[in-house]
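What follows is a single structure, written as structure tokens, with notes after it.
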Amino acid sequence: MFPSVDDVSARLAETGYLASRQVATTVFLAARLGKPLLVEGPAGVGKTELAKAVAEVTGSRLVRLQCYEGVDESRALYEWNHAKQLLRISAGRDETWDEARTDIFGEEFLLPRPLLTAIRGAEPKVLLIDETDKADVEMEGLLLEVLSDFQVTVPELGTITATRKPFVVLTSNAGRELSEALRRRCLFLHIGFPEEELERRIVRLKVPGLGEALAESVVRVIGALRAMDLRKVPSVAETIDWARTLLELGADTLDETVVRDSLGVILKHQDDVLKAAAKLDLDSL
Amino acid sequence: MSTPAGVTERLTGLVGALRAHGVRVGTGETVDAARAVEALGLADRELLREGLAATLLHGTGQRAVFDPVFDLYFPRGVGAPDGEPADRGDLRDRLAAALADDDRAALARLAAEAVDGLGGYGSSPESDGWSSYQTLDRLRPQTLLARVRGSVQERDGGVGFADRLLDDEIRRRIEAFRGLVATEARRRVAERRDRDEIARRAVAPTADRVDFLFANRAQLAELRRTVQPLARKLATRLAARRRRAARGTIDLRRTLRGSLSTGGVPLRPVLRRRRPVRPELVLLCDVSGSVSGFSDFTMLLVQALHDQFSKVRVFAFVNRIDEVTALLDHGRADPEGLSARIRSGATLTGWHGSSDYGVALGEFAERYGDAVGPRTTVFVLGDARTNMSDPNLPAVRHIAERARRVHWLNPEQRALWGTGDSAAPVYAELVEMRECRTARQLGDLVAGLLPV
Ligand SMILES: Nc1ncnc2c1ncn2[C@@H]1O[C@H](COP(=O)(O)OP(=O)(O)OP(=O)(O)O)[C@@H](O)[C@H]1O
Ligand SMILES: [Mg+2]
């Protein structure tokens with residue numbers, strides 16, 4: 001898939017994803033060892049974006065399973081189209097029940113969901129299991145099964161085995177501790193906040209109109225905020241939002257007024273805004 | 001790096017050290033790690049570091065022990081740095097310049113030179129070594145702050161909004177340099193002594209294995225980060241039962257599956273499972289001086305639980321007890337502030353300032369008895385050191401009889417229960433008391449306490 005770590009970095013960068021050495025190395029290994037990649041880290045550091053970028057550079061189809069409280073087999077794996085089945089039965093053709101049953105449990109009535117979609121077919125795929133920690137524990141059992149053998153048993157159809165293993169990315173925000181068994185199946189990648197230099201490059205790439213000096217100041221202030229004890233420190237997503245806002249405001253340097261007026265873009269809680277304003281020596285808000 | 005021949009031994013050593021620090025590494029992971037080495041090669045040490053971390057680790061907290069251990073088994077170099085040992089003045093000059101430029105490579109080289117020039121002690125092969133403490137004590141990098149600030153301001157003009165951040169930025173760089181010195185001193189020591197031994201002994205444990213009672217400030221800060229997910233986990237476990245209880249709806253999928261036997265006619269609707277009871281939580285927290293590290297931690301847990309779960313009532317005590325649930329309403333994750341609010345806003349002490357479990361628990365049973373009912377799970381958080389006064393067992397018995405469950409989490413190691421003024425053994429006969437010294441133990445408790 002990728003000849004080298006540098007190749008991973010270069011190709012991801014072409015799609016607009018700037019990977020740290022750590023990220024590039026781990027993606028390279030996941031492809032090389034054929035193992036799922038578990039990505040953890042705070043919100044807004046580019047976990048989801050990474051999976052999308054990998055799909056793009058490898059020419060794969062992105063299959064996404066968005067997890068949430070209560071997501072179950074019928075949403076994740078497959079479901080029978082009951083309405084259609086009932087219609088078919090009540091249409092009551094001249095046939096025995098056995099014949100009808102064989103018919104209604106055929107391909108035509110199957111609704112494949114992301115996990116099944118990801119292991120069927122020969123085209124390359126990236127399976128993104130997003131926010132895995134939001135799903136209930138029961139869901140993990142299913143994931144484990146699918147990620148171990150890349151096969152799924154549909155009682156009425158038999159066992160379906162992947163002809164081509166998808167590249168799997170699971171993301172988690174550590175909302176719920178994932179089980180040891182699931183972790184063991186995966187390579188582990190923690191994406192933290194980027195180093196200053198990388199974050200500057202991300203800002204310049206995503207907000208091209210922003211001057212170099214301003215981009216540097218933005219990243220420095222964000223760094224200072226992350227060192228504060230806030231309820232929610234700003235992530236890369238907020239850095240980008242802030243940079244965009246500054247561009248729209250037409251600011252070419254940071255000053256107290258600009259920072260004070262736009263702090264709400266970076267910080268979501270009022271008490272964080274107050275605390276940060278005090279620490280940054282902004283006059284009263 | 002040394003010859004590839006030793007790589008397998010190094011990998012085995014590294015895995016052994018990680019295991020000694022409580023990181024569970026199976027053979028599967030070790031095989032993956034070896035494949036990673038093969039795929040990445042040895043030329044780039046940082047790639048190797050990331051490759052091994054990706055294959056061997058399973059969680060974020062483990063990285064803090066992985067890095068120093070990796071630095072021992074795959075060191076940056078061998079022996080002393082090239083050239084004459086530098087003198088202190090020269091080192092400080094170059095350090096100031098490197099700090100001003102935030103030049104990571106130069107800082108790493110300087111750490112090596114500094115340990116070599118300033119960190120050696122002893123002369124006999126048995127007692128000599130390298131000390132990061134001595135190095136830093138002689139080099140005093142923290143005193144370079146003003147000088148570094150001066151040269152950065154001179155370079156950049158010292159204007160602009162971000163200039164006010166400069167001091168903190170330089171402090172963080174100095175802090176990082178101190179880390180580099182510690183790494184280098186460990187590397188030098190490990191060359192002289194048993195590397196496996198150094199990797200086990202001289203690398204600080206992961207935050208989840210630090211004793212609450214002895215945690216320092218930095219460790220407490222780190223612990224703070226481990227508590228949030230634990231509280232969420234506990235809350236999820238409680239909430240999961242609630243959610244299921246709420247669903248009494250028809251499960252269409254299972255109904256239709258069931259209908260296969262009746263020719264597809266859904267005769268028997270299958271109801272989603274319904275689970276009873278909504279658990280309530282009452283927390284009784286010792287906030288006296290003897291458990292200060294623990295109660296800081298307790299407060300974090302309490303705060304986090306409170307944010308996650310509505311049915312929590314919290315009581316704090318020293319020798320009197322008072323309800324503090326209302327003080328938690330601000331939803332802030334700052335234990336110091338909370339402790340202060342509790343101390344100023346609640347009546348926790350009577351005639352004297354030392355803890356008295358008997359009086360406090362008696363007062364609870366008397367004044368707040370109705371907080372505990374058949375659905376209530378009670379947590380007592382404290383060391384059961386009651387200053388030789390009457391433990392008031394009837395009060396505890398009374399609480400235990402009314403509650404669904406009572407769990408007592410004791411931050412002292414079990415061997416100390418019953419020594420001195422500890423009433424732990426007599427309480428433990430009435431309610432379930434568990435040792436809870438570290439975040440890891442707490443995690444295990446949370447996992448085991450409440451059935452999913
Ligand atoms: N390394 C990067 N290169 C380019 N863009 C990035 C990078 N990191 C983050 N971003 C940008 O930050 C934003 C947030 O990324 P994303 O939504 O993937 O975060 P996330 O980690 O999945 O967050 P959450 O946990 O909230 O789902 C995106 O707009 C993305 O483009
Ligand atoms: Mg996401």
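Quick notes on this one:
- FRET efficiency, 1/(1 + (r/R0)^6) with R0 41 Å, evaluated for A:R164 and A:R244 via beta carbons: 0.55
- Helix A:256-266 axis, angle to chain A major axis (alpha carbon atoms, nearest 10°): 10
- Å² per residue, accessible surface of region B:88-193 at 1.4 Å: 48
- Against chain A, whose longest principal axis is taken from its Cα atoms, helix A:236-249 shows a tilt of about 50°.
- Interface residues, region A:203-224 - accessible area loss of 40 Å² or more versus chain alone, probe 1.4 Å: A:R220
- Extending 7 Å from Cα along the Cβ direction at B:E429 and again at B:D87 yields two label points whose distance is 7.3 nm.
- Using a cut-off of 29 Å between Cα atoms, the listed pairs A:K47/A:K268; A:K206/A:K232; A:K35/A:K134; A:K134/A:K165; A:K84/A:K134 include A:K84/A:K134 as exceeding that distance.
- With a 10 Å cut-off around each Cβ of B:33-39, the average count of Cβ atoms from other chains is 3.
- Solvent-free Debye scattering, log10 I(q)/I(0), computed from the Cα coordinates of region B:37-124 at q = 0.10, 0.16 Å⁻¹: -0.37, -0.83
- Cut-off under 5 Å, modelled amide H: who pairs with A:I129 long-range: A:L65, A:V169, A:L170, A:T171
- Gaussian network model of chain A, Cα within-10 Å springs - most flexible of A:K125, A:K275, A:K35: A:K275
- B:E175/B:Y121 FRET efficiency (R0 35 Å; Cβ-Cβ; nearest 0.05): 0.90
- Efficiency of FRET between A:E95 and A:E69 - r from beta-carbon atoms, R0 51 angstrom, step 0.05: 0.75
- Built amide H within the under 5 Å cut-off of A:Y78, gap 5+: A:R113
- Cα-projected label distance for B:D194 with A:E138, points at 7 Å along beta-carbon direction, nm: 5.2
- Carbon plus sulfur fraction of accessible area for region B:7-73, probe 1.4 Å, in percent: 56
- Accessible-area composition of region A:46-186, carbon plus sulfur, in percent [1.4 Å probe]: 48
- Our compactness index for chain A, the C-alpha radius of gyration over the empirical 2.2 N^0.38 Å, is 1.26.
- Segment A:E145-A:D103, extension gain: residue separation times 0.36 nm, minus the distance between their alpha carbons: 12.3 nm
- Accessible area buried, both sides summed, chains A and B with 1.4 Å probe, Å²: 4200
- Model label points for A:R231 and A:D6, set 7 angstrom from Cα along the Cα-to-Cβ axis, are 4.8 nm apart.
- With an a/c value of 1.5 or above and a/b larger than b/c for the gyration tensor axes a ≥ b ≥ c computed over the alpha-carbon atoms, region A:60-99 is described as prolate.
- Take the Cα of B:D44, go 7 Å toward its beta carbon, and none of the backbone nitrogen atoms of region B:60-75 fall under 11 Å from that spot.
- 0 to 90° range, to nearest 10: angle between helix A:47-57 axis and chain A longest Cα axis: 70
- The convex hull built on the alpha-carbon positions of region B:7-73 has an orientation-averaged projected area of 3.9 nm².
- With a 10 Å cut-off around each Cβ of A:9-22, the average count of Cβ atoms from other chains is 1.
The values are calculated or read from the model by the stated rules, or taken from the named source; none is laboratory data. In this text, all values refer to a predicted model and were calculated from it rather than measured experimentally. With ideal geometry, Cβ positions are generated from the backbone for all residues, glycine too; neighbour counts draw on all protein chains shown. Please note that ligands, DNA and RNA were not included when accessible areas were found on the heavy atoms of the full protein model with its side chains. Shrake-Rupley method; radii C 1.70, N 1.55, O 1.52, S 1.80 Å.
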